[in-house]
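Accompanying notes for the structure given below.
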Amino acid sequence: MAILWGAVLVAQAADPVSTSENFSLLPAETGAAGGIATSASFSAETSTGSGIAGGVSNVTTGGVQAKGGYTGQLYDAQSLAVAADPAAVNEKSTTQLSAVATMDDDTLINVGESGIIWSILDGPITGIDSAGLASVGEVFFNGPASVRGSFDGIDSDLVLTILNVKLDTPAAPQPDSTFLAEIFDPSQIGIYQGVLADGGGNLVGAVQGLRLSPTGAISGRVLFNGRTYRLRGALEPDGTYSGEIIRRNEDPLAVTLAIGRTENGAGGLTLQGTVSGDGTNAGGSIAQAPYHPRNNPAPVELVRSYTFLIPAPESAADPALPAGDGYGWARVASSGGIIAGGKTGDSTPFTTRGYLTEDGQWHLYQPLYGGRGMIAGVISFRDEPAVSDLDGELDWVKNPNPRDKRYPGGFDLPPWLVGSNFDPPARGERALDELADQHYNARLTLAGNPLPDDGFARVVSWLN
């Protein structure tokens, strides 16, 4: 903070310049001590000496007198806090941005529209006007968007949650009708995971790596509306949990859990859970990973390698949507652990991990596009003769972002994953042994309107 004192006329060898980060005071003029400055409306009398510093100022009209002292204070901003009301914004609506600066004397100043510069960092925000009113575009799933406020050389960023609003407000998800609740027992320990959907069936998050200890303590990750949070707590003796995830500068998320089994008690252990906040009510079956490589290995017929395809849905014929097929690989270990990787139909790479449940399922939830999208669903390991060895419907979503070079309008597609067992060829054998063991034994064809000359066909040699 820089302080400007009342005028004192003192002759000195060199009068220094008074400066701060943002202000500069020129050296004062000097003259004889005790000089009197006058004008038509006031006279200012100054003096130096052992008893007086600063002098007096006498207003000659109106009968008001003022003792000289501080005549002004100059402040520097030290930090900036930005906020939005509301912070969870419905798509195709608006939210009011605001900013408060903390000055170097610890005072707070509300920064008006003339002092703040707003910018869009990421996400489906279509514009911010001079008064700080931010407009939000359409989204396909609940996800984040980022803005930045700049004042006096200081930046402050804010993450908003943009909500995918349906025509009907979804009710709270209902528990699985085949779920049978149980009291807590130490035998239920393990790792649990599952996807979360709102009352309209839209996937909005997941619970991953949730560990249940012999004491009933729980800890894990909650992915919700495009952001990740930490959950800690403990089950009650009756097998239930009710608590909150505390968030800085935001309302907490409410979480409930209840342990039991699917298929009216005959299926695998599951935590029926709900997560509520940001205008969203979500729920799901968070299934146990029951297998151990020595004590309880996964079914031997499922412990193997797989390849899978994610064919583009028919709706992807729209040129504004990705029309490619996704593909990948997966491995199931004797511990029931699953590791997988591949590319989506727009060539976005991903790797993910999960667990095989007692019901033979894999609860997949993989964030994409920096949290602005995801690919998720429940995959079943089952033999569909002449079709697949694993399959499941997915949600593949990317929120709009005008800064993206590819698919800035985003998309919400429902592809179906199909996969098969993969048995690598023995050393020295070819993967496609039905091809003749000779040169020029296969034809490669690429066809489609986007390709030059509608594609091409070439005879090739497949010798591996």
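The values are calculated or read from the model by the stated rules, or taken from the named source; none is laboratory data. None of the values given here were measured: they were computed from a predicted structure. Virtual Cβ from ideal backbone geometry, glycine too; neighbours counted across all protein chains shown.
Structure values in brief
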| read-out | value |
| --- | --- |
| Selection from the stretch 277-292 of residues that are assigned to a strand (DSSP E or B) and of a type in the set (Ser, Thr, Tyr) | THR280, SER285 |
| Every residue from the stretch 314-372 that is polar (S, T, N, Q), in contact with a strand residue (DSSP E or B) (Cβ under 8 Å, 6 or more places away or on another chain) and surrounded by fewer than 17 Cβ atoms within 10 Å (Cβ to Cβ) | SER315, THR351 |
| Residue that is surrounded by the fewest Cβ atoms within 10 Å (Cβ to Cβ), among those in the stretch 392-414 that are in contact (Cβ under 8 Å) with a residue 40 or more places away in the chain and part of a strand (DSSP E or B) | ASP412 |
| The stretch 378-391, residues that are surrounded by fewer than 22 Cβ atoms within 10 Å (Cβ to Cβ) and not in a loop (DSSP other than H, G, I, E, B) | VAL378, SER380, ARG382, ASP383, GLU384, SER388, ASP389, ASP391 |
| Any hit, the stretch 219-227, residues being exposed (fewer than 14 other Cβ atoms within 10 Å of the Cβ) and modelled with pLDDT of 95 or more | no |
| Odd one out for THR107, checked against (1) surrounded by 15 or more Cβ atoms within 10 Å (Cβ to Cβ); (2) modelled with pLDDT of 85 or more; (3) among the hydroxyl-bearing types (Ser, Thr, Tyr) | (1) |
| Subset of the stretch 225-257 (residues that are closer than 28 Å to GLY360 by Cα and not in a strand (DSSP E or B)) | ASN225, GLY226, LEU235, ASP238, GLY239 |
| The listed residue being in the same structural domain as THR351 (by TED's automatic domain parsing) and farther than 27 Å from SER305 by Cβ, out of GLY455, GLY409 | GLY409 |
| Qualifying residue in the stretch 181-189 (condition: closer than 30 Å to PRO414 by Cβ and either of a type in the set (D, E, K, R) or not assigned by TED's automatic domain parsing to the domain that holds ASP395 (or both)) | no |
| Filter result (touching a residue at least 60 places away in the same chain (Cβ under 8 Å) and in a strand (DSSP E or B)) within the stretch 121-147 | ASP122, THR126, GLY143, PRO144, VAL147 |
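Conditions (1) surrounded by fewer than 18 Cβ atoms within 10 Å (Cβ to Cβ); (2) modelled with pLDDT under 95; (3) in a helix (DSSP H, G or I), marked per residue:
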site: ILE259; (1), (2), (3): no, no, no
site: ASN264; (1), (2), (3): yes, yes, yes
site: LEU271; (1), (2), (3): no, no, no
site: VAL275; (1), (2), (3): no, no, no
site: ARG294; (1), (2), (3): yes, yes, no
site: ALA298; (1), (2), (3): no, no, no
